[in-house]
Each structure stands twice: as C-alpha cells, then as structure tokens.
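Quick notes on the structure that follows.
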Amino acid sequence: MPEPTPGRLSARRVLALVTDPGTFAELPHPARQSPPDGPLGWQGYDASRARAAERTGEEESVVVGTARVEGTAAVLIAFEFGFLGGSLGEHTGDRLEAAYVHARAHRLPVVPLVATGGSRMQEGMLALSQLQRVARQSALTREAGLPQIAVLRDPTTGGGWATLGAGADVILALPGAQVGFAGSRVRPPDADPAAYTAEAQFAAGAADAVVPPEELKASLGLWLRLLTAPAPIPADPPLALGSTALPATGWEAVRRARAPHRPRAEAYLDAYFTRRVALVGDRCGGADPDGMLCGFGERDGRTVAFAAQTGTATRPAGYRTAARLIRLADRLGIPVLTLVDTPGAANDAAAERQGAGAAIAELFGEVAAARTPITTLVIGEGGSGGALALAAPGSTWATPDSYFSVIAPELAAAILKRPPEQTETTAGHLRIRPQDLVELGVVRGIVGPSRGGPA
C-alpha cells in the first residue's frame with residue numbers, strides 16, 4: 001500500500017513525527033451528549049461519524065494531548081483529516097477549548113497541527129460558532145504570555161486556517177500543503193491553484209517557513225525552546241566587525257557607511273547568535289526579506305529577538321514585520337536587538353500605496369510602548385525616520401563605520417538650495433559622525449571590536 005503524502009499523515013502519525021518517543025499523553029475528552037444525528041437532526045450524520053470512527057480509529061476530528069518536542073513540553077492539537085475532513089463541530093470545539101485551558105493552567109505553549117476542510121455542515125451555525133470559541137481561547141492564551149506555533153498540513157482551509165492557523169504567533173507549513181481560506185470545492189473556477197499553497201502563503205508573508213517533514217521536529221523544537229525561555233535582561237550590543245578608526249569628517253562617515261565591503265546585518269547576526277530562526281512577513285500580504293531580517297536567536301544560552309535592516313531602503317512590509325516581532329517578544333518577555341542600516345524608507349509610489357507612513361508609525365509606537373528591553377546598534381547608514389523607527393530611545397549604540405542623519409547630505413544640500421559641490425560641507429554641518437552622535441546624546445557610545453565593550 002503506498003505511503004500517504006507527508007501533509008496527509010494521520011493525526012497519530014504526525015504526532016509521532018514531531019514528539020519525543022513515549023512522551024505523548026492524551027488529554028481527557030469532555031463529555032457532551034448529542035441528540036440523534038446531531039443538533040440539526042441531519043439524517044445520516046450518526047452513520048457518517050460511525051464510518052469515520054471505524055476508518056480512522058478516532059472518535060473526533062482532533063487528538064489533543066501533552067508531549068515533549070526536542071525536550072520542550074507543549075500541548076499539541078493534531079487534526080485527523082480522515083474524520084469528516086478534519087471538520088470542526090461542537091465536540092471538536094470542546095476538545096480544543098480543553099486543550100487551551102490545560103495549556104494555560106500548566107503554562108505550556110500550544111502547537112496546532114492543522115489539517116482541516118473547515119466547519120461541519122451537518123451541525124450548521126453551531127459548528128461555525130466553534131471558531132469564536134477557538135478565537136477566544138487563543139486570545140486568552142496570548143494574554144497569558146504563552147506562544148502558539150501552528151504547523152500547516154494538507155489541507156488547511158476555511159475557519160481552521162483563519163483561527164488556529166493564521167492566528168498563531170509562528171506558522172510553519174509542510175511543502176505542497178493546500179493552504180487558503182477557500183477550499184478547493186468553493187473557489188472561483190478560474191482561480192489559480194498555485195495561490196492556495198504553503199509556498200504562496202510564505203511568499204505573501206502569511207507563513208514563516210516551509211519545512212520538509214524530515215526537518216519538522218527539529219525546527220518546531222528549536223522554535224519552542226527559543227520562545228519558552230524568557231529572560232528580560234537587555235541584550236548587549238554586538239561587537240564592531242568593520243573599521244575601528246573614527247571618521248575625520250561627516251562625508252567620510254557617509255562614504256564608509258556606504259562602502260560595499262562593509263559588514264552587513266547577516267555578518268553581525270552570524271557573529272552574535274549561536275543559532276537563529278526567521279520570522280517572515282507582516283501577516284498583511286507582504287514581506288521584505290531583502291530589507292528587514294527578523295527572528296529569534298540563541299545568545300549565550302538565552303533567547304534574544306532581532307530586527308535588522310540590511311542596508312537597502314526598507315519597505316512597508318519590513319516595518320510591519322519588525323513591529324510584529326517586537327509585539328511578540330514583548331508579550332513573551334524576550335529582549336530585542338535591532339540593527340539600523342538603511343539609506344531610508346522606500347519612497348516610491350508602490351511604498352506609498354502599501355502604507356509606508358502607517359507602517360513606520362506602527363513601528364515607532366511598538367518600540368515606544370515595549371516593556372521588554374530593546375538594544376539598538378547602528379551598523380551602517382542611519383537614514384532619517386526610516387532608520388530612527390527601529391532605534392531604541394536611550395539604548396542606541398553605533399559602530400565606527402556608521403552615521404545617523406536627519407536626512408541624507410545630498411538631499412539636505414538640495415533642500416537648502418546649495419550646489420552639489422557643497423554636499424560634503426553639508427555633511428559636516430549635520431554632525432552625523434559616531435563621535436558627534438555621542439556628544440549630542442543621540443547614542444550612548446561607540447562599540448569597539450573587543451570584549452572591552454562600547455568605547
């Protein structure tokens with residue numbers, strides 16, 4: 001008999017795939033008496049349920065319990081697609097609510113392993129209303145400061161995607177999984193099927209990673225370990241990786257920050273973290289992987305969140321992704337490191353249509369309101385408000401090959417109606433060198449290359 005595709009593994013098989021052997025313990029099932037053929041008296045419903053139970057060995061479309069994943073305890077919710085398409089009914093809602101209540105009582109993260117076609121038609125609006133129950137339980141768990149990491153299997157559609165899936169803090173997906181609010185039988189006939197895949201959701205910023213099944217346990221285990229180890233101690237600023245000499249003039253600071261060989265965000269993150277995972281996308285249909293790197297990493301045995309500009313103009317999706325990261329880190333009690341390096345926010349027409357101003361304002365607000373400590377290092381260009389939005393007030397440092405400016409010197413000269421040959425002089429007037437920024441009180445200090453710390 002051929003093996004099922006990875007996304008169509010049974011609930012028990014997928015639980016065995018991701019959990020440490022011998023650690024899964026099923027939670028008790030809440031008792032509920034149902035009238036014949038369910039709450040609507042749908043003829044043949046009891047027979048359908050009986051056939052589904054015989055075929056799958058399950059009594060309902062979800063299996064819930066506790067287990068360890070790479071050593072981290074969690075509550076797991078595994079959908080059984082073979083039981084009426086993994087659909088949600090009243091009994092399903094009972095089990096889901098019990099899982100979340102148990103997670104909060106025992107301070108455990110929640111991992112939905114989703115494979116569902118949506119709500120159960122045979123129970124009508126009573127089935128659809130289970131989504132409100134799920135949303136409420138998810139919100140209470142979020143308020144309790146517990147992470148939720150969803151794994152999208154094939155298929156993840158309808159209300160299951162719009163609550164347990166898309167509502168999670170981190171979303172992992174199996175390759176080729178069908179993912180979308182509209183299931184395959186209810187889409188427009190001319191709809192592009194490629195738009196309803198895990199890969200498409202990742203490209204659109206609605207999922208954080210597409211993970212092969214053989215890597216799923218390790219990936220899920222790393223995420224769980226990183227997100228369940230709060231230690232709200234400020235992150236130390238990274239060591240300088242580039243030039244250690246301070247610039248003599250403002251224009252020299254600009255040239256050095258713009259030099260193509262200068263170390264960028266990837267180099268700083270690689271040097272700073274033992275291992276890290278990426279948080280991708282703004283959950284609004286956008287991602288900026290070339291302009292903003294976000295995620296969580298391990299630093300000296302503890303977790304630090306990071307949002308790092310890469311030296312390009314940051315797009316609205318990048319700012320929204322960074323805001324999403326800071327909200328999550330703040331809720332989980334994890335310190336944040338931000339790396340500033342951008343000539344400024346993207347200012348083309350597309351950026352305006354994507355809400356550049358609102359995205360930058362959102363990030364300013366999240367940084368200002370965060371209770372968890374945020375540490376910032378300017379590693380290159382600090383171009384205007386597009387850079388300042390990522391900087392922590394009172395906890396910003398600079399490298400010797402960086403600058404921070406109210407506006408680019410070229411644009412400042414143009415606004416002041418100075419000829420181009422006065423651009424270098426204008427850079428000096430702006431006082432943008434690292435040592436100027438320290439004197440002005442904009443940054444706390446200049447980071448050196450040794451463990452001696454900030455200069």
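Points to keep in mind about this one:
- Excluding ligands, DNA and RNA, the accessible surface per residue across the stretch 1-77 is 57 Å² with a 1.4 Å probe.
- The simple spin-label model puts a point 7 Å past each Cα toward its Cβ; for ALA358 and ALA182 those points are separated by 2.4 nm.
- Rounded, prolate or oblate (a/c below 1.5 giving rounded, otherwise prolate when a/b exceeds b/c) for the stretch 1-111 by Cα gyration tensor: oblate
- Ordering of 82-88, 393-399, 298-304 by packing [mean C-beta count within 10 Å, highest first]: 82-88, 393-399, 298-304
- Between 0 and 90°, nearest 10: helix 130-143 axis offset from the chain longest Cα axis: 40 degrees
- Rounded percent of accessible protein surface that carbon and sulfur make up, the chain, 1.4 Å probe: 57 percent
- Protection-proxy order for peptides 68-76, 332-340, each taking the mean of Cβ atoms within 10 Å per residue, highest first: 332-340, 68-76
- Computed over the chain, relative contact order equals 11 percent, with contacts defined as Cα pairs under 8 Å that lie 6+ residues apart.
- Computed from the Kirkwood radius of its Cα pairs, the Stokes-Einstein diffusion coefficient for the stretch 356-415 at 37 °C and 0.692 mPa s stands at 262 µm²/s.
- Computed magnitude of the charge dipole of the chain (debye, nearest 20; Cβ of K, R +1, Cβ of D, E -1): 600 debye
- Model label points for VAL101 and ARG302, set 7 angstrom from Cα along the Cα-to-Cβ axis, are 3.6 nm apart.
- Solvent exposure of the stretch 104-166 amounts to 33 Å² per residue of accessible area, where only protein heavy atoms count and the probe is 1.4 Å.
- Between the stretch 389-452 and the stretch 338-383, the alpha-carbon center distance in angstrom: 17 Å
- Positive-end residue, the stretch 280-325 charge dipole about Cα centroid, Cβ charges, pick of THR310, PRO289, LEU325: LEU325
- The stretch 251-385: C-alpha gyration tensor shape, a/c 1.5 cut-off, then a/b vs b/c: oblate
- Unit charges at the beta carbon, dipole of the chain: most positive-side option, PRO238, GLY160, GLY65: PRO238
- Residues listed by number, the stretch 260-295, amide nitrogen under 13 Å from ALA218 label point at 7 Å toward C-beta: 276
- Taking only the Cα atoms of the chain, the radius of gyration and Dmax are 25.3, 87 Å.
- Computed from backbone phi, the HN-Hα couplings of the stretch 218-224 come to 5, 5, 4, x, 5, 4, 4 Hz, rounded to whole numbers (Karplus: 6.51 cos²θ - 1.76 cosθ + 1.60, θ = phi - 60°; Gly and Pro given as x).
- Amide H contacts under 5 Å for THR197: VAL179, restricted to partners 5 or more places along the chain or on a different chain, H placed in the peptide plane at 1.01 Å from N.
- Spacing of the two label points (7 Å from each Cα toward its C-beta) at ALA144 and ALA271, in nm: 4.2 nm
- When only the Cβ of Lys, Arg, Asp and Glu is charged (+1, +1, -1, -1), the dipole of the stretch 20-177 relative to its Cα centre reaches about 300 debye.
- Relative contact order (%) - the stretch 188-328, alpha-carbon pairs under 8 angstrom, separation at least six: 26 percent
- Taking every Cα-Cα distance in the stretch 160-199 and sorting them into 5 Å bins starting at zero, the pair-distance distribution P(r) comes out as 6, 23, 29, 25, 13, 5, 1 percent.
- Reducing the stretch 26-57 and the stretch 190-269 to their Cα centroids gives an inter-centroid distance of 46 Å.
- R0 of 25 Å, Cβ-Cβ distance ALA200-ALA278: FRET efficiency to nearest 0.05: 0.90
- Angle between the chain longest axis and helix 356-369 axis [Cα atoms, degrees, rounded to 10]: 90 degrees
- Å² of accessible area per residue within the stretch 195-338, as computed with a 1.4 Å probe and no ligands counted: 36 Å²
- The simple Förster model, with R0 at 56 Å and r as the Cβ-Cβ distance, assigns ALA31 and THR249 a FRET efficiency of 0.15.
The values are calculated or read from the model by the stated rules, or taken from the named source; none is laboratory data. From a predicted model like this one, the values you see are computed outputs, not experimental measurements. Don't worry about glycine lacking a Cβ; one is built from the backbone with ideal geometry, like all the others, and counts go over all protein chains shown. Ligands, DNA and RNA are excluded from the accessible area calculation, which covers all protein heavy atoms including side chains. Shrake-Rupley method; radii C 1.70, N 1.55, O 1.52, S 1.80 Å.
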